[in-house]
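One structure is given below, encoded as structure tokens.
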Amino acid sequence: MFKTALKLIFRNWWRNKTFTLISILSLTVGIACTALLISFVSYEYGIEKNNPNRDKLIWVMQRNLGYPQNKSAYIEKDIAGQLKLKYPEVEDVLQFDPPSVEYIEVNNQNFKVPTILNVDTSFPSFFPFELLYGSWDALNNPNSIFLSEKQSYLYFGDEEALGKQVRLSEDYGKTIDYTVAGVIKSREQSGITFDVLICNPNAKSGGYTFLKVSEGTNLKQFEQKIKEDKVAPENVQFYFYDIDDALSPDNSKYSPLHSRKDSLLFLGMISAILVLLIAIFNYVNISFSRVLQQVKTLHTQKLMGAKPADVRLQIFFDTFLTVFISFVLAMLLMHDLLPVFNQVVAVDFSSKYFYSKDFFPLLILLIFLLTVIPSLIMSRKISRLSVSDYRMFFVTRKNRWTASMVTAQFIVVFALIIGALTVNKQVNLVYENIDRYQNVIEVGNPFAKSSIVPFESRLKSIPGIESYAFSTGGVYSVVMLENTFQSINSDEQNHWVLQISGSDGFADVLQLDQIAGFDWDSASEKYSNPVFVNKTFAYIAERDPIDMVGKLLKSYIDDYDSLAVVAGVVEDFYLPSMAQKAYPSIIRYRDKTKYLPNIYVRTEKGEIKNVVSLMKQAWEQTFPDEFFTYGEPSDTIKGGNRKIFEMSRLLNMYSLISILLTCFGLFGITFYAVKQRTKEIGIRKINGAKTPQLLWLLMKPMFVWMAVGFVVAVPLAWWLMERWLQQFVYRVDVSVGSFILALLFVAVITFLTVGWHVWRTARSNPAESLKSE
């Protein structure tokens with residue numbers, strides 16, 4: 001009986017090739033996309049899962065009550081020592097901090113600075129990294145250095161790195177030689193990222209801090225005890241987080257910890273589930289349609305002596321094999337999609353995790369639910385129906401099922417497309433902020449020993465440069481100072497202020513938009529110490545920009561330069577992230593005779609790569625002992641808005657997939673509907689029906705379902721996107737244009753998907769149509 005059932009199943013598949021192919025393709029794509037997101041979510045929430053001390057690790061942060069909006073993970077070394085000595089709950093302390101390094105020299109070759117951490121000797125007991133060779137005991141030697149596998153290969157190739165020399169060039173020309181004491185194995189799901197480790201306790205006064213506490217420690221009570229004992233400095237409060245909370249975006253920001261993409265995971269998971277629902281709806285709709293084609297066959301089998309159990313077994317295996325084949329194909333597709341997925345969400349995710357004990361059981365459970373439950377329901381339900389019951393079920397309930405599921409598909413598609421359009425508008429807002437920094441590079445080192453101005457003579461001969469200006473601080477190498485503002489209608493306020501100094505041409509290179517005051521290059525003729533401030537500075541000072549011009553800077557802020565005069569006010573030009581307000585900024589005019597270690601260069605469009613190459617050659621001739629470093633301010637701002645770009649790429653991808661799957665489903669449903677109504681179409685044509693009338697007759701249900709889906713999707717998409725946009729200070733609105741564009745796009749895609757097949761049928765010879773049954 002089993003062989004017979006398989007023979008009947010494959011024969012039916014071949015007879016209904018279109019339905020079978022659409023079912024398998026829809027499920028394959030739906031399972032693959034959903035499984036990718038589930039695996040990524042499982043991976044992200046399983047960070048440090050294999051660490052035996054995972055439940056004992058506590059991340060320490062502090063907040064200065066004078067700056068309630070800012071929370072810092074930097075803790076002084078003395079305070080960390082007090083916590084270990086004074087509180088028995090604290091078994092050990094780990095502090096790590098990235099040293100300030102200009103470049104790395106290996107075998108007389110200079111390398112860019114990777115992620116370097118200066119750690120305590122307790123590091124191996126907090127994070128169980130294994131060594132390829134070497135010993136962790138060498139952490140007791142301040143001249144020892146540990147390299148990751150990747151960094152060891154970069155510096156020494158296939159040679160063993162143990163005992164080799166690595167030189168770190170630190171600020172102001174200081175160099176320190178280290179001996180490689182070990183190479184660290186890469187470790188899956190690590191909560192801390194680095195390329196190089198050193199242990200030099202004399203070179204750090206504090207850093208990012210982990211505590212290892214005894215089991216069962218109540219963090220709230222411990223935090224309260226610290227507060228009551230007044231361990232923290234005045235106006236400072238400590239906060240303690242377990243490893244899961246430590247890896248959240250807010251708490252791991254600006255630290256070497258792995259930063260979990262919570263909002264991306266949440267919305268990505270919703271998108272994946274919606275895509276899977278579309279695939280399931282296609283599968284159920286088309287499976288019902290395919291079973292209808294077997295009504296007479298199944299009933300004939302019963303008349304020929306087949307038992308209800310035999311019919312159930314055949315239907316069960318039909319459904320089971322469809323899902324199983326889709327699962328196998330989905331696993332192959334996941335491997336092919338993984339590089340694209342990694343690029344979309346900006347991660348380095350390995351396919352090995354698909355088969356790990358943490359994820360593979362979840363995948364098997366998903367496939368089991370998709371396979372067994374529908375198989376049992378369909379086999380038990382259909383095997384009990386008579387021929388008249390079949391007809392009643394598929395003529396009435398089937399139509400309601402189809403309408404409901406196709407409408408749900410349209411809701412999902414509209415929601416994803418409206419979401420993608422809104423996120424892309426937010427991306428465009430980021431690019432508007434980045435525009436002024438396109439084709440701009442910043443060269444130099446804020447800790448250089450001498451001014452960069454002597455480089456100007458060689459700079460002038462480099463082709464492809466539009467303009468340049470010398471500076472200290474900037475957008476790529478940001479310098480921030482704490483200042484006290486003297487507002488008119490409120491008490492004194494403390495703020496971090498962006499500090500930049502620039503020479504002639506600086507405003508032109510950065511394309512600063514003037515609000516009030518004198519032109520940048522002429523301000524030095526009017527005042528001896530001219531400064532410019534931005535719009536946010538004026539807002540915090542509660543002054544009108546025009547009224548500020550000509551006033552001493554110290555009238556508004558506690559500044560070290562008592563002679564500085566506000567010569568002008570410019571628009572906010574540095575927005576590191578759309579999620580935070582612009583920093584108040586001071587731009588000081590400096591003559592080129594002063595110490596200016598940086599230079600901003602605006603190149604002609606498309607010439608950055610060539611200009612950088614020529615500048616590097618000229619730099620090595622001018623400063624043979626200085627390492628050439630440069631950065632693109634546009635990359636800094638893109639990095640600050642990384643989550644917007646990731647969300648945009650993810651929604652774009654899943655929107656396209658949802659449209660593709662919906663097209664599969666609509667084509668299958670239309671194919672079935674046309675096939676069932678071929679004779680009716682022929683009769684209508686003989687009775688005088690025109691082709692447009694037949695087109696409307698067959699396509700009307702699709703557009704009705706689409707209209708209902710749109711009406712439901714609009715408020716849902718609006719609510720979801722408004723919630724998402726609330727995290728941004730500078731944001732777009734969910735516009736009516738996005739709704740209309742989504743409607744037009746889906747309408748066109750729907751018409752093209754079903755129109756061709758309907759048109760061909762409506763134009764066919766009615767005599768041939770009447771022979772269809």
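In this simple spin-label model, placing a label point 7 Å from the Cα along the Cα-to-Cβ direction at both K460 and F360 gives a separation of 6.9 nm. Summing +1 for each Lys or Arg and -1 for each Asp or Glu, what net charge is found among the other residues whose Cβ lies under 11 Å from the Cβ of G631? Here the count lands on -2. The listed residues D435, D55 rank as D55, D435 when sorted by accessible area, largest first, using a 1.4 Å probe.
What do you get when you divide the Cα radius of gyration of the range 405-564 by 2.2 N^0.38 Å, with N the number of residues? In units of the globular-protein estimate, the range 405-564 measures up at 1.43. Put simply, the amide H of Y74, placed in the peptide plane, has neighbours under 5 Å in Q62, leaving out anything fewer than 5 places away on its chain.
For the range 588-746, the orientation-averaged shadow of the C-alpha convex hull comes to 17.7 nm² (one quarter of the hull surface).
Sort the range 152-225 into rounded, prolate or oblate with this rule: let a ≥ b ≥ c be the square roots of the eigenvalues of the Cα gyration tensor; rounded if a/c is under 1.5, and if a/c is not under 1.5, prolate when a/b is larger than b/c, oblate otherwise. It is oblate, given that a/c is not under 1.5 and a/b is not larger than b/c. Phi-derived couplings, Karplus 6.51 cos²θ - 1.76 cosθ + 1.60 at θ = phi - 60°, listed residue by residue for the range 122-137: 7, 3, x, 7, 8, 10, x, 6, 9, 9, 5, 7, x, 9, 5, 4 Hz, with x used for Gly and Pro. Shown in residue order for the range 187-202 are the 3J(HN,Hα) couplings computed by the Karplus curve 6.51 cos²θ - 1.76 cosθ + 1.60 at θ = phi - 60°: 10, 5, 6, 7, x, 10, 10, 6, 10, 9, 10, 10, 9, 10, x, 6 Hz (x for Gly and Pro). Close amide H contacts of I184 (hydrogens built in the peptide plane, cut-off under 5 Å, sequence separation of 5 or more or a different chain): L132, L147, S148, E149.
Within the straight-line cut-off of under 17 Å between alpha carbons, the aspartates and glutamates reachable from K220 are D55, E89, E228, D229, D242, D244, D245, sequence neighbours fewer than 8 places apart in one chain being disregarded. For the range 708-713, backbone phi angles converted through the Karplus equation (6.51, -1.76, 1.60; θ = phi - 60°) give residue-by-residue couplings of 4, x, 5, 4, 6, 6 Hz, Gly and Pro being listed as x.
Note on the range 1-133: Kirkwood radius taken over Cα pairs, Stokes-Einstein applied at 25 °C and 0.890 mPa s, translational D equal to 113 µm² s⁻¹. Relative to its residue count, the range 68-200 spans a Cα convex hull of 150 Å³ per residue. Taken along the Cα-to-beta-carbon direction at a fixed 7 Å, the label points for H335 and L85 span 5.8 nm.
The three principal axes of the C-alpha atoms in the range 196-286 carry coordinate ranges of 69, 36, 28 Å, sorted with the longest axis first.
Rounded to the nearest 500, the 222 nm mean residue ellipticity of the chain from helices alone is -16500 deg cm²/dmol, with -39,500 (n - 2.57) taken per DSSP H run of at least 4 residues. Residues whose amide H lies under 5 Å from that of E170, counting only those 5 or more places away or on a different chain, are E102, T175, I176; hydrogens are built 1.01 Å from N in the peptide plane.
For the range 549-615, taking Cα atoms only, Rg and Dmax work out to 16.7, 46 Å respectively.
Out of every Cα pair in the chain, what percent are spaced more than 48 Å from each other? Roughly 37 percent, rounded to a whole number.
Which lysines have a Cα lying under 22 Å from the Cα of K700, excluding residues fewer than 8 positions away in the same chain? The qualifying lysines are K398, K675, K679, K685, K690.
The charge dipole of the chain, taken about the Cα centre with unit charges on the Cβ atoms of Lys, Arg (+1) and Asp, Glu (-1), comes to about 6300 debye, rounded to the nearest 20. Here D561 and L744 are evaluated by their C-beta separation; at R0 = 56 Å the FRET efficiency comes out at 0.45.
The values are calculated or read from the model by the stated rules, or taken from the named source; none is laboratory data. Since the model is a prediction, treat every value here as computed from it, not as a measurement. Every residue, glycine as well, gets a Cβ built from its backbone with ideal geometry; the counts of neighbours run over all protein chains shown. Protein only, heavy atoms only, side chains kept; ligands, DNA and RNA dropped before computing areas. Shrake-Rupley method; radii C 1.70, N 1.55, O 1.52, S 1.80 Å.
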